[in-house]
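Notes follow the structure.
The values are calculated or read from the model by the stated rules, or taken from the named source; none is laboratory data. Quick caveat, the model's predicted, so the values are computed rather than measured. Methodologically, a virtual Cβ is constructed for each residue, glycine included, from the backbone with ideal geometry; neighbour enumeration extends over all protein chains shown.
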Amino acid sequence: MESILIKDTTREQREQIVAESIGNISGSCDGCMSGLAEMYQDYIDGKKEIREINMEFRAHYESGVEGPEKADCEYKA
């Protein structure tokens with residue numbers, strides 16, 4: 001696999017890398033895919049590596065899904 005680092009790619013190549021990785025961004029019905037494409041704009045513009053963007057995303061991710069309620073344990077110390 002060729003390098004996807006900014007220093008090793010042109011803007012056009014980075015646009016293609018993002019487009020191929022995300023898929024059909026115009027075919028989304030709820031608009032989330034266009035937001036995902038915007039997330040990688042700094043990579044396309046040569047400002048941040050994909051690794052940096054992904055790390056920032058993971059650091060700020062919150063699922064919003066509540067976990068299961070804890071059941072009372074019959075064992076009492």
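Some points to look at:
- Checklist (1) in a loop (DSSP other than H, G, I, E, B); (2) modelled with pLDDT of 85 or more applied to GLU52, failing item: (1)
- Flag if ARG14 is surrounded by 10 or more Cβ atoms within 10 Å (Cβ to Cβ), at pLDDT 75 or above and out of contact with any Lys or Arg (no Cβ under 7 Å at 6 or more places or on another chain): yes
- Identity of the residue in region 27-49, outside any loop (DSSP other than H, G, I, E, B) and modelled with pLDDT under 85, that ends up surrounded by the fewest Cβ atoms within 10 Å (Cβ to Cβ): GLY27
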